[in-house]
Amino acid sequence: MANLDELAQAHLAEASTEERGRSAELVAHDGPLRQTVIALKEGVRMAEHNSPPAASLQVLTGRVRVELDEEMQGEFEAGELWILTHERHSVLALADSVFLLTTVTSQAGQDSYS
């Protein structure tokens, strides 16, 4: 079983030494369900990307902004959980941050947004 506090600390430390300022690890994979711990240094952006059929973002530490093109969908801080849009979006770290990204990918016969 994953300890999210320990993973958050470890990945934030790793992100601080990485040139791109990020670190990630897939911590759960069960059929279409995936959970990934992602750490971003302050000012680092996950480039715009497509969304799977269902996704949520739970901030473990720090503060992030989810953006649609140039518009802000929301800013979220430690302890907050957000259902992500089905539109292309990016994520910007407003402080050194770690979040748990939960996604449900499509299965055979289902539509996918990715």
*asked:* Give me the dipole magnitude in Debye, nearest 20, for the range 56-104 about the Cα centre, with unit charges on the beta carbon: positive for Lys and Arg, negative for Asp and Glu.
replied: 200
_Charged-residue dipole, Cβ positions (Lys, Arg, Asp, Glu), the chain about Cα centre, Debye nearest 20_ = 180
*State the percent of C-alpha pairs, over all pairs in the chain, separated by a distance greater than 23 angstrom.*
25
*Sparse-neighbour loop sites [trypsin sites (Lys or Arg not before Pro); the range 1-37; at most 16 other C-beta within 10 Å; DSSP]*: R20
*Taking the dipole about the Cα centre of the chain, with the C-beta of Lys and Arg at +1 and of Asp and Glu at -1, give me whichever of A95, A10, V64 is farthest to the positive side.*
A10
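FYI, it's all coordinate maths here, none of it is from the lab. Just so it is clear, the structure is predicted and the values come from calculations on it, not from any experiment. Every residue, glycine among them, receives a Cβ derived from its backbone with ideal geometry; neighbour counts consider all protein chains shown.
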